[in-house]
Amino acid sequence: MWYAIEGRDAAGVLDRRVAARAAHLARLQALRDEGRLLVAGPCPAVDAEDPGPAGFSGSIVIARFDSLEDARAWADADPYVGAGVYASVEVRPFRKVLP
């Protein structure tokens, strides 16, 4: 089943996000290589493709896991969690309809 994982950034964590980005992306690339990633990306904190020093308000990942517990365990192990980037993470089932 697909699961939506939404991490919301804490305030003032852009430097931590940048430092943990390579490890964060490596995990997403592994999901992609396994054919389990639908979409992933950050949410700019301002209405701009490149938010500059405003940074990001969080990230969204939609990926396939065997269970909600597996999706939560994967999310809990995210380098952004370990680095204190995310103030909160929500994981919930997702049903793809379109396209």
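A compact table of results
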item: Interchain or long-range residues, amide H under 5 Å from L38's placed H; result: I62, A63, R64
item: Cα pair count fraction exceeding 18 Å, expressed as % - the range 30-98; result: 46
item: Principal-axis tilt of helix 14-33 within the chain, Cα atoms, nearest 10 degrees; result: 20
item: The range 1-51 shape via C-alpha gyration tensor axes, a/c threshold 1.5; result: prolate
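Only the coordinates and a few stated rules stand behind these numbers; no lab work does. Quick caveat: nothing in here was measured; it's all calculated off a predicted structure.
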